[in-house]
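Below is one structure; the comments refer to it alone.
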Amino acid sequence: MSPRTREQFQAMRARTRAKILDRSLELFATKGFHDTSIQMIAQAAGISKGLIYSHFKSKDELLEAIIRQGFEIMERETSGSADPDPASYLANLIDDYYTMLLKHETFWQLYMGLMFQPGIVLRYKETMMKYYERMLSRYARIFRSLGIKNAMLEARLLGAIFDGIAMNYFFDRKHYPLKRLKKILLRRYLPDR
């Protein structure tokens, strides 16, 4: 067997990193950050602890990578929402939010759990706020285009509504009226549709 090429090595390293991130996300979301050890992640990923440390200096760095990845996915998946018509743009964003909530449940479950752990939130506040501020700016631009006064306050309200929907959904997935609330939210902001 010939030695691996540089490209093969990089691809293998990227797959290992992705596996570490995926297993960490699952464990952090279900067991909690503090109750998940690097050993547990290594076992779930089928690799050694040393291999994890060759990708991430610490469990904290690993969590930050998961947070960044989750928000980058959110930004990427809502970037296609743009529409010259602000009402359509807002309708697309609301629809995308619900799609992402269901598609990336594990990330949102972790995110909601982190919000109630002050020590962790403060540690990653700068990372989270960078993405949150960009999201709020996008919502505010849409609201300004729709002629809504206090567009930034309305953007913050929409962000809070989204967070509240996610939190309540994860508390009671089986009975939570997710689809009905989406319709109400669309009617609230876009009554003419």
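The values are calculated or read from the model by the stated rules, or taken from the named source; none is laboratory data. Small disclaimer: the values here were computed from a predicted structure and weren't measured. Reconstructed Cβ throughout: ideal geometry from the backbone, glycine too, with neighbour counts over all protein chains shown.
Residues Glu133, Glu126: which one is among the charged types (D, E, K, R), farther than 20 Å from Glu77 by Cα and either in contact with a Leu (Cβ under 9 Å, 6 or more places away or on another chain) or assigned to a helix (DSSP H, G or I) (or both)? Show your work before the answer.
Values: Glu133 fails: farther than 20 Å from Glu77 by Cα.
The unique qualifying residue is Glu126.
Please work out which one of (1) surrounded by 15 or more Cβ atoms within 10 Å (Cβ to Cβ); (2) at pLDDT 95 or above; (3) not in a helix (DSSP H, G or I) is the condition Ile52 fails and give its number.
(3)
Just need a number here: residues in the range 140-178 that are under 20 Å from the mean Cα position of the chain (by Cα) and basic (Lys, Arg).
Residues flagged as under 20 Å from the mean Cα position of the chain (by Cα) and basic (Lys, Arg) within the range 140-178 amount to 2.
Residue by residue through the range 103-139, note down the ones that are under 11 Å from the mean Cα position of the chain (by Cα) and over 14 Å from Ile66 (Cα atoms). Break it down into steps so the answer makes sense when it comes.
Let us first name the residues in the range 103-139 that are under 11 Å from the mean Cα position of the chain (by Cα), namely 103-112, 128, 131-132.
Lys103, Tyr132, listed by residue number.
Would it be correct to say that Ile47 is surrounded by 11 or more Cβ atoms within 10 Å (Cβ to Cβ), over 25 Å from the mean Cα position of the chain (by Cα) and among the β-branched types (Val, Ile, Thr)?
Values: surrounded by 11 or more Cβ atoms within 10 Å (Cβ to Cβ): yes; over 25 Å from the mean Cα position of the chain (by Cα): yes; among the β-branched types (Val, Ile, Thr): yes.
Criteria met by Ile47.
Mind checking whether some residue in the range 141-164 is in contact (Cβ under 8 Å) with a residue 40 or more places away in the chain and either touching a Ser or Thr at 6+ places or on another chain (Cβ under 9 Å) or in a loop (DSSP other than H, G, I, E, B) (or both)?
Yes; the residues of the range 141-164 include at least one that is in contact (Cβ under 8 Å) with a residue 40 or more places away in the chain and either touching a Ser or Thr at 6+ places or on another chain (Cβ under 9 Å) or in a loop (DSSP other than H, G, I, E, B) (or both).
Being exposed (fewer than 12 other Cβ atoms within 10 Å of the Cβ), in a helix (DSSP H, G or I) and either assigned by TED's automatic domain parsing to the domain that holds Leu90 or at pLDDT below 90 (or both) is the requirement here; does Lys174 meet it?
On the way: exposed (fewer than 12 other Cβ atoms within 10 Å of the Cβ): yes; in a helix (DSSP H, G or I): no; either assigned by TED's automatic domain parsing to the domain that holds Leu90 or at pLDDT below 90 (or both): yes.
So Lys174 does not fit the description; no.
Confirm whether Gly119 is assigned by TED's automatic domain parsing to the domain that holds Phe162, touching a residue at least 40 places away in the same chain (Cβ under 8 Å), farther than 21 Å from Lys183 by Cα and of a type outside the set (Lys, Arg). Even if it seems obvious, please write down each step before you answer.
Numbers: assigned by TED's automatic domain parsing to the domain that holds Phe162: yes; touching a residue at least 40 places away in the same chain (Cβ under 8 Å): no; farther than 21 Å from Lys183 by Cα: yes; of a type outside the set (Lys, Arg): yes.
For Gly119, the condition - assigned by TED's automatic domain parsing to the domain that holds Phe162, touching a residue at least 40 places away in the same chain (Cβ under 8 Å), farther than 21 Å from Lys183 by Cα and of a type outside the set (Lys, Arg) - is not met.
So that you can scan it fast, the table gives a plain yes or no per residue for (1) outside any helix (DSSP H, G or I); (2) outside the structural domain of Arg144 (by TED's automatic domain parsing); (3) under 30 Å from Arg188 (Cα atoms):
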| site | (1), (2), (3) |
| --- | --- |
| Pro3 | yes, yes, no |
| Gln10 | no, yes, no |
| Leu25 | no, yes, no |
| Asp35 | yes, yes, no |
| Ala44 | no, yes, no |
| Ile66 | no, no, no |
| Leu101 | no, no, yes |
